[in-house]
Amino acid sequence: MPPTKRRALKAGICTDCCIPSAPSANMSTDLSKNAKERLEPCKAEVKGSIPSWLQGTLLRNGPGIFSVGETSYEHWFDGMSILTSFTVKDGEVTHRSRFLRSDTYIANMAANRIVVSEMGTMAYPDPSKNFIFKAITFLNHTVPDFTDNGASNIIKYGKDYYATSETNYIRKIDPVTLETQDKVDYLKFLPVNLATSHPHYDTEGNAYNFGTSIAEKGKTKYTLFKVPAVSETEKGKKVPALKKAQVVCTVPCRSLLSPSYYHSFGMTDNYIIFIEQPFKLDILKMATAYMRGVNWASCMKYFPNENTLIHLIDKNTGKEVEMKYYTGAMVVYHHVNAFEDDGHVVFDVIAYNDISLYEMFYLSKLKEAAGSQSEGYSKPSYRRFVLPIHSDKSVAVGENMVKLKYTGASAVKEKEGKLTCQAEVLCEGFELPRINYDFNGKKHQFVYGNIVEESALTTQIAKFDTETKTMVYWDEKNCCPSEPVFVPRPNAESEDDGVVLVSVINSNPGQSGFLLILDGCTFKEVARAYVNTELYKDVHGLFIPLGSN
């Protein structure tokens, strides 16, 4: 792979041909520290000038409580959710935060110990509990009733917003006050035991998502479903958005009791891209995990010698295209974008060669790696795949069927109807990708994300140009930026005409965290809003424009 051309942007100073700096040795954020909530909105101190058109709320979600009483979570992703909002209006910013009052939170706090198991932490009964209580706990783990601790993302179904992880439970929230509302069980509306926290939305406001149905009617399958947008006649009515959810199609699992793990998928105007990767959940092992004294995460296994099957689904008919697409073993958490071009579907992902990323976030390993490069860290690569949609009998076996000239990705014909795909690597060490979502499903040029060359604990964000393969950066000493969220300017004249919003943890003495606002085009700082409180590492979020509901 040719080396990515680099430009660094540090505190507004642009330097050509500069390699990004390694994480600061002084940067030490304790990720096992319990957060504190701020229930009432508090005005931030703004430095710079916020664009007058920027009006709305940035919502962020992530783990915030890691110990209860004398018990502690083992994995960072297991921590109980804290919701954070930055509301921008008339050039001012207000900040607030609130713990998600999930059933998990309520039960743990009432017991003053962790009593609800998470993926990386198995909760066992207090030794003083009687036999019947322990037996019930055992049964609950044999056929697990998963947590409703939605600490991964914020999703929108209909006109409502939900805190979500990847279980069958999501929690409705008030996007203004951050108060926790209804608990919603996917299983009451759809046959899915697990669902991604990264749905897609079309231009009409319909949401699409994938879920896994475990042994439903004797079959394990992946289910693509659609949650329709709220119609004019339904506005004002309190009807659960999932009540009108529709199954678009199902995809059979390659292995009945070992479904693939996935965190996201791709979507164009006419197609859905679903990756069935050799990173699998062993259902039988999960059923016996509690009895064996291990966590559910240990029941996930990567098979590096197996191939990856890429499913291309016609969104209009719900049927898979006849072509079968395979590539080598890889682990994908985040899709970047997908688009159609001259009989091809092009899709971009952030891919890993192993599962070390999840292992890194065990809190014991995070403490060991504090202030240094993570041992065994496998940095991700930004990969572009190209799928020819239709078979071409004039192409001989062994030939590349990709006809697009701007990419080095290939799809080699193994036999009629079967292609082996090889990605073009656009760059490396880049994660948490976000685009101008107005370009979702369309050909894009720019992607915003975090630089993770040395460690998953990023100290830099970047804007990547997929055409020139160049980057511009933002970083600041002792600062840890979140996933960047792009907000387009109304009536934007270009793809990058807008701003990038970033929540920044600030470890400099005497300074507070801040909301950073960067120009989407130049990537230079426009403004920042100091919130006069500590911010915490989060996972994902979204921006809600003022009046969007």
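The values are calculated or read from the model by the stated rules, or taken from the named source; none is laboratory data. These figures come from a predicted structure and were not determined experimentally. Quick reminder, even Gly has a Cβ in these numbers, built from the backbone with ideal geometry, and neighbours come from all protein chains shown. In case anyone asks, the SASA skips ligands and DNA or RNA and just uses the protein heavy atoms, side chains included. Shrake-Rupley method; radii C 1.70, N 1.55, O 1.52, S 1.80 Å.
Give the percent of DSSP beta bridges with both residues in the chain that are antiparallel, rounded to the nearest 5. Display every interim value, and only then the final one.
On the way: 145 of 150 bridges.
Approximately 95 percent, going by the DSSP bridge assignments.
If you roll a 1.4 Å probe over the chain with all protein chains in place, what percent of the accessible area is carbon or sulfur?
Reported share for carbon and sulfur atoms: 52 percent.
Once you have a ≥ b ≥ c as the square roots of the Cα gyration tensor eigenvalues for region 184-296, tell me rounded if a/c is under 1.5, and otherwise prolate or oblate according to whether a/b is larger than b/c.
Numbers: a/c = 2.49, a/b = 1.72, b/c = 1.45.
The shape class here is prolate.
With the cut-off at 32 Å, tell me which of the pairs 159/280; 365/442; 43/537; 47/226 have Cα atoms farther apart than that. All intermediate terms of the calculation are to be shown ahead of the outcome.
Working: 159/280 34 Å; 365/442 40 Å; 43/537 21 Å; 47/226 42 Å.
From the list (159/280; 365/442; 43/537; 47/226), the Cα-Cα distance tops 32 Å for 159/280; 365/442; 47/226.
Bin all alpha-carbon pair distances of region 415-549 at 5 Å intervals from 0 and give each bin's fraction as a whole percent.
Here the calculated profile for region 415-549 is 2, 9, 18, 21, 19, 13, 8, 5, 3, 1, 1, 0, 0, 0.
Extension gain residue 533-residue 467, at 0.36 nm per residue separation less the Cα-Cα distance, in nm?
Contour length minus the Cα-Cα distance gives 19.8 nm.
Taking the alpha-carbon centroid of each part, what is the distance from region 440-476 to region 86-127 in angstrom?
Centre-to-centre (Cα) distance: 31 Å.
Once the piece of chain linking residue 182 and residue 206 is laid out straight, how much longer is it, given 0.36 nm per residue of separation minus the C-alpha distance between them? Intermediate results must be reported in sequence, preceding the final value.
Details: separation 24, 0.36 × 24 = 8.64 nm, distance 2.10 nm.
Difference between extended and current length: 6.5 nm.
If you average the alpha carbon positions of region 313-330 and of region 342-367, how far apart do those two centres end up, in angstrom?
Centre-to-centre distance over Cα atoms comes out at 21 Å.
To the nearest 0.05, how large is the calculated FRET efficiency for residue 90 and residue 269 if R₀ is 35 Å and r is the Cβ-Cβ distance?
On the way: r = 37 Å, r/R0 = 1.05.
With R0 = 35 Å, the Cβ-Cβ based efficiency is 0.45.
To two decimal places, what compactness ratio does region 236-339 give when its Cα radius of gyration is scaled by 2.2 N^0.38 Å? Could you put the intermediate results ahead of the total?
Details: Rg = 16.7 Å, N = 104, 2.2 N^0.38 = 12.8 Å.
Cα Rg divided by the expected 2.2 N^0.38 Å: 1.30.
What does the charge count near residue 189 come to, summing +1 for each Lys or Arg and -1 for each Asp or Glu among other residues with Cβ under 11 Å from its Cβ?
Working: positive: 188, 243, 244; negative: 185.
Residues close to residue 189 contribute a combined charge of +2.
With N residues in region 48-545, what two-decimal value do you get for its Cα radius of gyration over 2.2 N^0.38 Å?
Working: Rg = 22.5 Å, N = 498, 2.2 N^0.38 = 23.3 Å.
Compared with the compact-globule rule of thumb, region 48-545 sits at 0.97.
What nm value, rounded to one decimal, do you get for the distance between residue 425 and residue 396 when each label is placed 7 Å out toward the C-beta?
Label at residue 425, label at residue 396, 3.1 nm between them.
Structure shown: which of 156/319; 243/285; 188/217 lie over 23 Å apart, alpha-carbon to alpha-carbon?
Working: 156/319 26 Å; 243/285 33 Å; 188/217 16 Å.
Long pairs (Cα-Cα over 23 Å): 156/319; 243/285.
Quick one: net charge of residue 531's neighbours, Cβ under 14 Å, K/R +1, D/E -1? Kindly include the intermediate steps, with their values, before the conclusion.
Values: positive: 36, 38, 43, 47, 60, 96, 528; negative: 37, 40, 45, 92, 534, 538.
Computed value for this residue: +1.
With every protein chain left in place, what is the accessible area per residue of region 48-545 in square angstrom, probe 1.4 Å? Show your work: numbers first, answer last.
On the way: 19720 Å² over 498 residues.
I get 40 Å² per residue for region 48-545.
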